[in-house]
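The values are calculated or read from the model by the stated rules, or taken from the named source; none is laboratory data. Values in this document were obtained by computation on a predicted structure and should not be read as measured data. Cβ atoms come from the backbone with ideal geometry, glycine included; neighbour counts cover every protein chain shown. All accessible areas refer to the heavy atoms of the entire protein, side chains included, with ligands and DNA or RNA removed. Shrake-Rupley method; radii C 1.70, N 1.55, O 1.52, S 1.80 Å.
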Amino acid sequence: MTGNTRGLRADARRNRQRLLDVAVRAFSERGTDASLEAIAKEAGVGIGTLYRHFPTREALLEAAYRNEVARVCDSVEELLAQYPPDQAMRVWMDRFIDYLATKQGMADALKAVIASGDSDPFAESLNRISTAISTLLTAGAEAGVLRSDVDPLDVGFSLGGIMLITTDKGLRDRAGRMLDLLLDGLRHRAD
């Protein structure tokens, strides 16, 4: 969960998280036309609760985006605890592709936030994503299953390219096959 939520009561944290989850779907599907009233209603809270947490549409949109970045990046340690590093990388790649698809759906709305000049929600994302990929690559290199000479941003941009050419829902299987190919290219090969 992103944002300063430490001082919030448990019910307020749950309300905030529900708002963020609903907002991601709404902004992804309807862009800047997403109704804040509908978001509040679907989250099971009043519009006043939405505005207490997010005083503007832009604040809600940015928080929803940052929450998605945190969700995908913060999953790395959990995945490494559950799977060998190469399998953790592959599961993470799937999550990242889903995150990118969400981000693409929110693209127009995010551009509006940037255009307002209030903030740039992408500013910290690249660093967080690079760090997540680097953690996975380092774990894989230490285990001898992934190459140690790969730039994390190259992996991130490769994932972005896969998502761009497989944006149609019918192409998700193709994306999975392409992720398998990318992972094969990341595997350590004995000389």
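Of the candidates 68, 58, 29, 37, the single residue that is free of Cβ contacts under 8 Å to residues at least 12 places away in the same chain and either open to solvent by less than 70 Å² (accessible area, probe 1.4 Å) or of a type in the set (Asp, Glu) (or both) is 37.
Quick one: which helices (runs of 4 or more DSSP H) lie wholly within the range 5-63 and hold at least 3 residues that are modelled with pLDDT under 90 and closer than 15 Å to residue 108 by Cα? Outline the logic, then answer.
On the way: elements: 10-30, 36-43, 47-53.
Helices (runs of 4 or more DSSP H) meeting the threshold: 10-30.
Total residues in the range 89-114 satisfying the condition of being under 12 Å from residue 75 (Cα atoms) and either in contact with a Ser or Thr (Cβ under 9 Å, 6 or more places away or on another chain) or among the β-branched types (Val, Ile, Thr) (or both): the figure is 3. Of all residues in the range 95-109, those satisfying the criterion of being part of a helix (DSSP H, G or I) and either at pLDDT below 90 or in contact with a strand residue (DSSP E or B) (Cβ under 7 Å, 6 or more places away or on another chain) (or both) are 97, 98, 99, 100, 101, 102, 103, 104, 105, 107, 108, 109.
Of the numbered criteria (1) more than 19 Å from residue 70 (Cα to Cα); (2) at pLDDT 75 or above, the one residue 112 fails is (2).
Find the residue count for the range 80-94, including only residues that are assigned to a helix (DSSP H, G or I) and without any contact (Cβ under 8 Å) to a residue 24 or more places away in the chain. So that I can check it myself, show each step before the final result.
To start, the set of residues in the range 80-94 that are assigned to a helix (DSSP H, G or I) comprises 80-82, 85-94.
Among the residues that remain, those that are also without any contact (Cβ under 8 Å) to a residue 24 or more places away in the chain are: 81-82, 87, 91.
Final tally of qualifying residues: 4.
Rundown of residues vs (1) in contact with a Gly (Cβ under 6 Å, 6 or more places away or on another chain); (2) part of a helix (DSSP H, G or I); (3) open to solvent by less than 60 Å² (accessible area, probe 1.4 Å), yes/no style:
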| position | (1), (2), (3) |
| --- | --- |
| 129 | yes, yes, yes |
| 135 | no, yes, yes |
| 138 | no, yes, no |
| 158 | no, yes, yes |
| 162 | no, yes, yes |
